[in-house]
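> Quick one: the structure is below, questions incoming.
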Amino acid sequence: MKQLIALVALVAFTLPALAEDLTLGYIALESDPRYDENFAYARIALRPQGDSFDGVKLAVEDMKILTDAKGLTVSLDEMRVRPETVASAGERLVAEGIGYVIADLPAESIAVLADAVGGAATILNTTAPEDSLRRACYRGLLHTAASDRMISDALIQHLVRQEWTKVLLLHGKAERDTARAESFAEAAKRMRVDIVDTRVFDLSTNPALREENNIMLLTGGIRDYDVIVIADEYGEYSRYVPFQTALPRPVVGATGLVPAEWHWALERYGAPQVNSRFEAETGRRMGWQDWSTWVAARAVLTAFAKARAPGTEGDFLRSERLKLDGSKGVPMTFRPWNGQLRMPILLATHNAIVDIAPIEGFMHQLNTLDTLGQDEAEFACD
């Protein structure tokens, strides 16, 4: 009897994996203004360059050994849509039985897509950082883009470690600039960092707005501060601020030291290999948007490769068993309360990684990654 059991086990082990097909959806805008290559000044690109679909394709190639071993055939359904057709595109994806969709869309389009899909498929938001999307608690919506609050908390940790606790906060008039500034103020309050003043800058050269567009005036008239934090989504104003301030102080946030999900200068945790493969395939450096789509595809494929039984991939994806490798040194999982991917945040200059948050000394009772972003105790759905 024991010999028979052993023979059955041996046969089961040597049988090839059951073949399975997975179609992974990808949706982006046809002409997303966030990637407008013509938006430049003096030949300096002020928008992210390239196509984030490159990150998805790299992830599929990277995971091929695991998916082949599982007998999983992966195909990609790429959709480029206009804002007014996002809802119908989501309905089409559900009708075609596509259960996982990587979305590179602005926040308002993510909300439309999530409403249209209604939890019938898992959507992975890769590039919309708005905290409001997390608090909306849409069914089936996960986030591989870091939230505004995570970015702010990473920066705050560095400031506290450096003892730069008196902050002059500058932000533009655009909606995204205001959102970043509000998120920073929220994070500063939690860590008892003192914002000595908040000032709004203006991009024009209108003489009537000199106190808003003149850097010396904008940063002057305050007795003292340790650091200037600037929220400027596309860097049109912030690149001129360093070395022109009323007081000789470091400038961080949108220039100088910038927190982000990814940077080509990371030299640990397998990151150089990821960056090299991406650059070899695309001829450009990997940006944070590319990393975010790459890690979103890896998350889905990891779940399909490692889930114990067909139909349990969604539960695995959302569980602590995921332990996703994003080449940032720690296993990553999705937060059950808001669908946000826990991740380290890089603090980088234009060509070097200065620090990685969570920074040593910032503790959490369960997971130090939860020191970045709204923790479960302070989170509530809108």
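Values in this text are rule-based calculations from the coordinates and carry no lab data. Keep in mind that what you see is a predicted model, and the values were worked out from it rather than measured. Counting neighbours? That spans all protein chains shown, and the Cβs are built from the backbone with ideal geometry, glycine included.
> Residue by residue, what Karplus-based ³J(HN,Hα) values in Hz, rounded to whole numbers, does segment 114-119 have, using 6.51, -1.76 and 1.60 with θ = phi - 60° and x for Gly and Pro?
4, 5, 5, 6, x, x
> If you put +1 on each Lys and Arg Cβ and -1 on each Asp and Glu Cβ, how big is the dipole of the chain around its Cα centre, in Debye rounded to 20? Write out the running numbers ahead of the final one.
Values: 40 positive and 54 negative charges, 186 e Å.
Dipole about the Cα centre, nearest 20: 900 debye.
> Can you tell me the orientation of helix 53-62 relative to the chain, as the angle in degrees between its alpha-carbon axis and the longest Cα principal axis, to the nearest 10?
For helix 53-62, the angle is close to 40 degrees.
> Next up: Hey, can you grab everything whose amide H is under 5 Å from the amide H of Leu29? Only 5+ residues off in sequence or another chain; H modelled, so Pro and N-termini drop out.
Placed amide hydrogens put Val81 under 5 Å from Leu29.
> Just to be sure I follow the rule: in the chain, considering lysines 8 or more places apart or on different chains, how many pairs have Cα atoms under 16 Å apart? Before the final figure, lay out the partial values.
Values: Lys64/Lys306; Lys70/Lys306; Lys166/Lys189; Lys306/Lys323.
Summing the qualifying lysine pairs gives 4.
> Could you give me the radius of gyration and the Dmax of segment 71-172, taking only the C-alpha atoms into account and expressing both in angstrom?
17.5, 57
> Can you put Ser147, Ser327 in order, fewest other beta carbons within 10 Å first?
Numbers: Ser147 25, Ser327 18.
With the sparsest Cβ surroundings first, the list reads Ser327, Ser147.
> Across the chain, how large is the tail of the calculated P(r) beyond 31 Å, expressed as a percent of all Cα pairs? Don't skip to the end; give the middle numbers.
Numbers: 28782 of 72771 pairs.
I get 40 percent for the Cα pairs in the chain exceeding 31 Å.
> Ranked by Cβ crowding within 10 angstrom, fewest neighbours first, how are Leu322, Leu301, Leu341 ordered? If you can, show how the numbers build up before the last one.
On the way: Leu322 19, Leu301 24, Leu341 28.
Placing the least packed residue first, the sequence is Leu322, Leu301, Leu341.
> Continuing with this model, one more query. Would you list Lys64, Lys70, Lys328 from fewest to most Cβ contacts within 10 Å? Could the numbers behind the result be given before it?
Numbers: Lys64 13, Lys70 19, Lys328 23.
Ascending Cβ contact count within 10 Å gives the list Lys64, Lys70, Lys328.
> Add +1 for every Lys or Arg and -1 for every Asp or Glu among the other residues with Cβ under 11 Å from the Cβ of Asp51, and state the total. Could you put the intermediate results ahead of the total?
Details: positive: Lys57, Arg80, Arg284; negative: Asp32, Glu37, Asp54, Glu78, Asp104, Asp290.
That works out to -3.
> What shape does segment 189-256 take by its C-alpha gyration tensor, where a ≥ b ≥ c are the square roots of the eigenvalues and a/c under 1.5 counts as rounded, a/b above b/c as prolate, and the rest as oblate?
Working: a/c = 1.68, a/b = 1.39, b/c = 1.21.
It is prolate, given that a/c is not under 1.5 and a/b is the larger ratio.
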